[in-house]
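The values are calculated or read from the model by the stated rules, or taken from the named source; none is laboratory data. Worth saying up front: this structure is predicted, and the values here are computed from it rather than measured. Here the Cβ positions follow ideal geometry from the backbone for every residue, glycine too, while neighbour counts run over all protein chains shown.
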2 protein chains.
Amino acid sequence: MSGVNVSVSPWLSSPKESRLRRPLRIAIFGFGTVGSSVARILVESQPEGLDLTHIFNRRIDRKRVDWTPASVEWSEDADAVLASNVDVIVELAGGLDPAGNWVRRALDAGKSVVTANKKLIASHGVELERLAEARGGHLKYGAAVAGGIPVIPGLEQGLAGDRIDRVVGILNGTCNFILSQMDEGAEYAAVLAEAQKRGYAEADPTEDVGGFDARAKLAILMRLALRAVVDPEEIQPRAITQVSAIDFTYARDLGCTIRQIARAERTGGAIAATVGPMLVAQRSPLAWSRGTENMVIFTGQFGGDVVFSGHGAGGQPTAVAVVSDLLALAHGSRRVEIPAVQASVSAEFEVPHYIRLLVDDRPGIVAEITGYLARERINIRAILQRPGYPPHALPFVVTVEPCKSSALQRALASIRTMNCHRAEPLDLQMLE
Amino acid sequence: MSGVNVSVSPWLSSPKESRLRRPLRIAIFGFGTVGSSVARILVESQPEGLDLTHIFNRRIDRKRVDWTPASVEWSEDADAVLASNVDVIVELAGGLDPAGNWVRRALDAGKSVVTANKKLIASHGVELERLAEARGGHLKYGAAVAGGIPVIPGLEQGLAGDRIDRVVGILNGTCNFILSQMDEGAEYAAVLAEAQKRGYAEADPTEDVGGFDARAKLAILMRLALRAVVDPEEIQPRAITQVSAIDFTYARDLGCTIRQIARAERTGGAIAATVGPMLVAQRSPLAWSRGTENMVIFTGQFGGDVVFSGHGAGGQPTAVAVVSDLLALAHGSRRVEIPAVQASVSAEFEVPHYIRLLVDDRPGIVAEITGYLARERINIRAILQRPGYPPHALPFVVTVEPCKSSALQRALASIRTMNCHRAEPLDLQMLE
């Protein structure tokens, strides 16, 4: 076995240099946390083949920094930058408009686009990829899901040979931060305030805590992993705000914790997907994710479970995904196009459930509740009632064996008609 | 936000079909567990753009199966298959020879090669990639490290924008199976026998348990992640056979377990690397890997820790990596070439250590041992001595604060001169 006998930088041999021709001219649209992190890496690491030429932002004077080369043009005129000779637009403004308009115009002009815009890709990814292909450009969005974790490149380039039937993920760092802090005893309002202070949560946290952010990311993963083109608005999100301290207590009694989970699976010909708080076993990888971390688990017919984990958000990790996409473009890497077909989404899973009730106690409540469950042929797994709570606001939990979501919802509709409730009953899927 | 309004299989639009031109003609070299799994996926899933045309094996008649299409040519003549009009050789024979010869000849003829051969890539990857590039073919080896886990595509396509300073991995499923079973009370010899029965371990297990398999994989990851071209033989492996039941007991007392770890890091200008059994905290992701699973953690300057985990070996998971590489070739995906420079490897880490001694007890042993450590300015962290062992064969453990490996080895050389030892002292790195 002979050693490697090359002298210096062997992978920078001449054929490659000739392939790279000239560096890609790059314009960053949106100079916030991620945009400035991308610029920093481009300026400091000077990756071969990448040349930062333009930075666009509204009211650009607020944004100027002193560490970019003099050659970089700062602009608040999107039209002028789009009309310039840049090769790639790095779209980091987010949202459908005007970002979608810039992306379309860039692709239409034969430029390539690298974006972290999950909302745009979830809703218009197929249309935009067709446009890119028709005009000879490329669309890359490795940063749109799970930030710095290479879930999308891993899927496209390393799992395309499998048939993936199931995706389970922690896709929103804000919710994971809130729930993992609540697990350690903090109250929702206090943790949310801390998350806002640290910049993990927006002033209006609905997009995150309501599950809308995670559902856009799930829709993207469903297209690439389950090969199903879905309308993200068909996925029903449930907010984590329904979860309270008592649920973490009962979850622990069940050997579980609570996480915001995005899940989708193919069963037979149907695709089911949902986003919301769920119970996960403490020994499951999903319980390992703490703070703002993300995690994605794909289950393939051939390869079994593959887990990706790391920092799903934040300027620098997201910038790694953006710069990696830019390098892939510069090196001529092409997307492995995974054929996907249009599909509609159901919310029908067959899983065990956790049902937490808060009641004004009287005789017969358990009999009535279990009667409604029995009518739907739902088997009780366990009934948990901790001592020490006042009888007029008594929390207790019923867990049930795997049953269809629709059957459970029918039973819950009956349970809700009872006049004993001090709070809306909470039902959570239990991941096994 | 409008829904997606395409009808069927939108990613199979005409521009792509024209790009794929004709399917790649594929020859499998080596029809063992992985080779037959690759063939099964190609035959059953019929991925677009991939056409299995040849299967080569020595004494091919033993290997024939009845489920391949009649068009597949079975051959025991490597020269004839190499001289045929196949586009891609899938090399699954393993080892340096004759596999290396086939790979070189295929690349030299302008064909592409997909291989799972870690030994060949670790020792000759740079040379073979230059050959591929010079002749217009491609070399892909996603299956060479961590089987079905897309570590290499994830690195090349999704982490190229980061600067990775550290790689820590569980890269050998056999060792992980043995150590995780020993953690639950089994004896080494019994677990090895079971691993051999299940097909996880070879009749001669040296390659796995001695750390040679993991070090080849580590050398490949060092090139792609740390950008350091190293001679794998410069990495010193240590065998897991030194670990015994008592070490798991003491590891548990320390909140740890024991895993075979491959680790490499860049500190200043130097590259340190080693492979061997180490203590890992029970709350570390590395302790989650059970059975034959693999795990790799990269630490980047920008993106922080990224974790990949899944099935690192076995026919089907490895076949997923091979077929994914084939699809990437068919779709025109190109490697993101990560510039790497020649580097020499030290074994110098600065980490805490676990030292287990088995002594014929007499007064003064601890004083003498701690004296030798003090002479090297090594601080004691803890001394553990469980009751219940006979004084003539007394196991006890000293853990020390982070110190240089070289200082520890000097102290151990002195400790070994003592006449009290009933077994060779065992020192293990502790991962923090």
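Being within 11 Å of chain B (Cβ to nearest Cβ), buried (at least 24 other Cβ atoms within 10 Å of the Cβ), small (Gly, Ala, Ser) and on the phi > 0 side of the Ramachandran plot is true for just one of A:304, A:310. Which residue is that?
A:310
Could you list all residues from segment B:361-405 that are out of contact with any strand residue (DSSP E or B) (no Cβ under 9 Å at 6 or more places or on another chain) and under 25 Å from residue B:236 (Cβ atoms)?
B:372, B:375 - these are the residues of segment B:361-405 that are out of contact with any strand residue (DSSP E or B) (no Cβ under 9 Å at 6 or more places or on another chain) and under 25 Å from residue B:236 (Cβ atoms).
So which pairs qualify, if the first residue must be in segment B:112-126 and within 12 Å of another protein chain (Cβ to nearest Cβ), the second must be basic (Lys, Arg), the Cβ gap must be under 8 Å, and the two must be at least 6 apart or on different chains?
Correct list of pairs: B:114/B:140; B:122/B:215; B:122/B:217; B:125/B:223; B:126/B:223.
Being in contact (Cβ under 8 Å) with a residue 24 or more places away in the chain and either more than 21 Å from residue A:322 (Cα to Cα) or not small (Gly, Ala, Ser) (or both) is the filter here; which residues of segment A:47-59 pass it?
A:47, A:48, A:50, A:51, A:52, A:53, A:54, A:55, A:56, A:57
Let me confirm something: among A:121, A:170, A:178, A:152, which residue is touching a Phe, Trp or Tyr at 6+ places or on another chain (Cβ under 6 Å), closer than 28 Å to residue B:308 by Cα and not small (Gly, Ala, Ser)?
Being touching a Phe, Trp or Tyr at 6+ places or on another chain (Cβ under 6 Å), closer than 28 Å to residue B:308 by Cα and not small (Gly, Ala, Ser) holds for just one of A:121, A:170, A:178, A:152, which is A:121.
Quickly run through segment B:331-355 and pick out the residues that are farther than 20 Å from residue B:226 by Cα and of a type outside the set (Phe, Trp, Tyr).
B:331, B:332, B:333, B:334, B:352, B:353, B:355
Yes/no matrix, rows are residues, columns are (1) within 14 Å of chain B (Cβ to nearest Cβ); (2) under 20 Å from the mean Cα position of the chain (by Cα); (3) of a type outside the set (A, V, I, L, M, F, W, C):
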residue: A:235; (1), (2), (3): yes, yes, no
residue: A:246; (1), (2), (3): no, no, no
residue: A:294; (1), (2), (3): yes, yes, yes
residue: A:299; (1), (2), (3): yes, yes, yes
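For segment B:139-204, give me every one of the helices (runs of 4 or more DSSP H) that falls completely inside it and has 2 or more residues that are of a type in the set (D, E, K, R). Working first, answer last.
Numbers: elements: B:151-158, B:173-183, B:188-197.
Helices (runs of 4 or more DSSP H) meeting the threshold: B:188-197.
Just to be sure I understand, how many residues within segment B:206-227 are in contact with a helix residue (DSSP H, G or I) (Cβ under 6 Å, 6 or more places away or on another chain) and surrounded by fewer than 20 Cβ atoms within 10 Å (Cβ to Cβ)?
Selection size over segment B:206-227: 1.
Exactly one condition in (1) out of contact with any Lys or Arg (no Cβ under 7 Å at 6 or more places or on another chain); (2) closer than 27 Å to residue B:282 by Cβ; (3) modelled with pLDDT of 95 or more is not met by residue B:179; state its number.
Condition not satisfied by residue B:179: (1).
Only one of A:195, A:160, A:134 is touching a helix residue (DSSP H, G or I) at 6+ places or on another chain (Cβ under 9 Å) and more than 8 Å from chain B (Cβ to nearest Cβ). Can you tell me which?
A:195
Restricting the search to segment B:257-271, which residues are hydrophobic (A, V, I, L, M, F, W, C) and out of contact with any helix residue (DSSP H, G or I) (no Cβ under 8 Å at 6 or more places or on another chain)?
B:270
Yes/no matrix, rows are residues, columns are (1) touching a Pro at 6+ places or on another chain (Cβ under 9 Å); (2) within 30 Å of residue B:358 (Cα to Cα); (3) at pLDDT 95 or above:
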site: B:184; (1), (2), (3): no, yes, no
site: B:197; (1), (2), (3): no, no, no
site: B:207; (1), (2), (3): no, yes, yes
site: B:219; (1), (2), (3): yes, no, yes
site: B:226; (1), (2), (3): no, no, yes
site: B:248; (1), (2), (3): no, yes, yes
